[in-house]
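Derivation of every value follows stated rules applied to the coordinates shown; laboratory data play no part. For clarity, every value in this text was computed on a predicted model and none was experimentally measured. Counting neighbours? That spans all protein chains shown, and the Cβs are built from the backbone with ideal geometry, glycine included.
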Amino acid sequence: MTLAKPLAGGLPIGAVLVTEKVASAINYGDHGSTFAGGPLICNAALAVFNKISKPTFLSDVSKKGLYFKELLKQKLGGNRHVKEIRGVGLIIGIDLDVSATPLVDACRDSGLLVLTAGKGNVVRLVPPLIITEQEIEHAADILSQTLHVLDANN
């Protein structure tokens, strides 16, 4: 299994996990990476590991994800284009019955970076795990204020 950016909080690092059988078949130098662990990046990865290893941190992430989804359901749920708001933790999808591109563009123009997913009809939110409730509320407000662009394009 390959692992990368999340290991060092978005900084360039890569790692490979292998079974004992695979490990016995490869030798030092058989696997290399331009994102292998230099001292600076490895220290960043250790800091990330120490942070997320704390049970309260991941518990807080789950709580923030639930709060974000509930807030989005309150603010967006009545819109005719919003079919579903779903997600796990802070990875959230807003499933639309139209293309998500106009909403993604309007959010970007308002200072909120979101992505499309699926067949282009899902707005994907992937905020940093350290997002604050105030930032969540601001993001939900921007989504709510820009949602009208879906009517203009359909």
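The slack in the chain from residue 73 to residue 51, taken as 0.36 nm per residue of separation less the alpha-carbon distance, amounts to 4.9 nm. For residue 116, nonlocal amide neighbours, meaning residues 5 or more places apart or on other chains whose placed amide H falls under 5 Å from its own, are 124. The 3J(HN,Hα) values that the Karplus relation (6.51, -1.76, 1.60; θ = phi - 60°) gives for segment 117-123 are, in residue order, 8, x, 8, x, 10, 10, 8 Hz. Gly and Pro appear as x. Based on Cα contacts under 8 Å between residues 6+ apart, the chain shows a relative contact order of 17 percent. Tell me the relative contact order for segment 66-154 as a rounded percent, counting alpha carbon contacts under 8 Å between residues six or more apart. That works out to 30 percent. Across segment 21-28, computed HN-Hα scalar couplings (Karplus, 6.51 cos²θ - 1.76 cosθ + 1.60, θ = phi - 60°) run 4, 5, 4, 6, 9, 10, 10, 3 Hz from first to last residue, x flagging Gly and Pro.
Sorted by average packing, counted as other Cβ atoms within 10 angstrom per residue and highest first, what order do 142-149, 104-111, 48-55 take?
The packing order, highest mean first, is 142-149, 104-111, 48-55.
Only helices enter the 222 nm calculation for the chain: every DSSP H run of n ≥ 4 contributes -39,500 (n - 2.57), and dividing by all residues gives -13500 deg cm²/dmol, rounded to 500.
Below 8 Å, C-alpha to C-alpha, sequence gap of six or more: please give me the relative contact order for segment 1-70 in percent.
31
Computed over segment 24-111, the range of Cα coordinates on each principal axis works out to 58, 32, 30 Å, biggest value leading. Evaluating 6.51 cos²θ - 1.76 cosθ + 1.60 at θ = phi - 60° for every residue in segment 69-77, the Karplus couplings come out as 4, 5, 5, 5, 5, 5, 7, 10, x Hz, glycine and proline recorded as x.
Label separation (residue 5 vs residue 97): 3.4 nm, computed from points 7 Å beyond Cα along the C-beta direction. Annotated for the chain: lysine pairs at least 8 residues apart or interchain, Cα distance under 19 Å, count 13. Restricting the calculation to alpha carbons of the chain gives Rg and Dmax of 19.5, 60 angstrom. Taking Cα atoms only, the orientation of helix 133-146 departs from the longest principal axis of the chain by about 50 degrees.
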